[in-house]
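One structure is given below, encoded as structure tokens.
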């Protein structure tokens, strides 16, 4: 393989765009985007997490998370609550509507995963997940040589 077909970043980015398109199509009737869904999905796992921890767990910039939470708050799916011990810190909670949405949304991402991996064996799929997690950790921990010299 040569060119773009041998570039992991290109292939993964292309795959991510295809997943995002399919997920947004499935979420459109609920008037939420994939980005908003990721916040809801994290809150379904752990309601009341701080805005900072939510951004970190989803690897989003602070300004992006604020904008997305604003959108979800306007739709009445989440509320912000300031921590009494530290007024600079804000927790994000699901509203009853946000909690109900979990049961109303179809397991659309599972369907896309099944379509994408239809011709792969269970071992290949598990290996792929493992490799994706490993690559993500490697890239998060990577520091270019020039940054190492500056420290």
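Derivation of every value follows stated rules applied to the coordinates shown; laboratory data play no part. Note that the structure is a prediction, hence the values are computed from the model and not measured. Methodologically, a virtual Cβ is constructed for each residue, glycine included, from the backbone with ideal geometry; neighbour enumeration extends over all protein chains shown.
By the Kirkwood approach, averaging reciprocal distances over each pair of separate Cα atoms, the chain gets a hydrodynamic radius of 18.0 Å. With R₀ set to 22 Å, the beta-carbon distance separating residue 75 from residue 46 gives a calculated FRET efficiency near 0.60.
The helix-only estimate of mean residue ellipticity at 222 nm for the chain, built from DSSP H runs of length n ≥ 4 each weighted as -39500 (n - 2.57), is -20000 deg cm²/dmol after division by the residue total. One chain, two ends: residue 31 and residue 120. Fully extended at 0.36 nm per residue, the span grows by 28.8 nm beyond their Cα-Cα distance. Quick one: check the C-alpha center-to-center distance for region 55-81 versus region 116-143, whole angstrom. So the separation of the two Cα centres works out to 27 Å.
In nm, give the distance between the simple-model label positions of residue 133 and residue 83, each being 7 Å from the Cα along the Cα-to-Cβ direction. My value for the distance between the label points is 2.8 nm.
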